[in-house]
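Accompanying notes for the structure given below.
The values are calculated or read from the model by the stated rules, or taken from the named source; none is laboratory data. Here the structure is a predicted model, which is why all the values come from computation and not from measurement. Here the Cβ positions follow ideal geometry from the backbone for every residue, glycine too, while neighbour counts run over all protein chains shown.
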């Protein structure tokens with residue numbers, strides 16, 4: 001599942017991506033494990049943010065800031081970034097089931113940051 005976020009991040013600012021976990025009935029659940037990675041649209045890892053572990057909760061706030069939101073290309077003033085969340089969970093369908101979802105957002109290059 002992929003989601004396109006509608007609010008752009010600002011270069012070197014703070015941006016929060018919220019991951020909320022629900023079961024097949026839409027009820028909030030706490031996964032057994034949660035991790036995330038930050039990449040550009042080509043899959044290149046940004047700021048060594050690969051498989052970052054989070055404390056499992058029904059809602060996890062992924063806080064991106066500073067070097068997570070540095071412009072890496074001078075091609076355009078807007079670049080795409082992707083946060084990919086991976087989790088394992090238990091449900092009526094089994095245990096240790098895998099979940100993977102991605103959220104894509106734009107990063108606005110301010111062009112004046114040295």
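List of remarks:
- Flag if residue 52 is more than 12 Å from the chain's Cα centre (by Cα) and either without any contact (Cβ under 8 Å) to a residue 60 or more places away in the chain or within 18 Å of residue 97 (Cβ to Cβ) (or both): no
- Whichever residue in region 55-66 is touching a strand residue (DSSP E or B) at 6+ places or on another chain (Cβ under 6 Å) and in contact (Cβ under 8 Å) with a residue 40 or more places away in the chain and, among such residues, is farthest from residue 16 (Cα to Cα): 59
- Residue in region 69-91 that is part of a loop (DSSP other than H, G, I, E, B), more than 30 Å from residue 110 (Cα to Cα), at pLDDT 90 or above and touching a strand residue (DSSP E or B) at 6+ places or on another chain (Cβ under 6 Å) present: no
- The set of residues from region 55-68 being surrounded by 10 or more Cβ atoms within 10 Å (Cβ to Cβ) and over 12 Å from the mean Cα position of the chain (by Cα) comprises 56, 57, 58, 59, 65, 66, 67.
- Residue in region 19-28 that is exposed (fewer than 13 other Cβ atoms within 10 Å of the Cβ) and at pLDDT 95 or above present: yes
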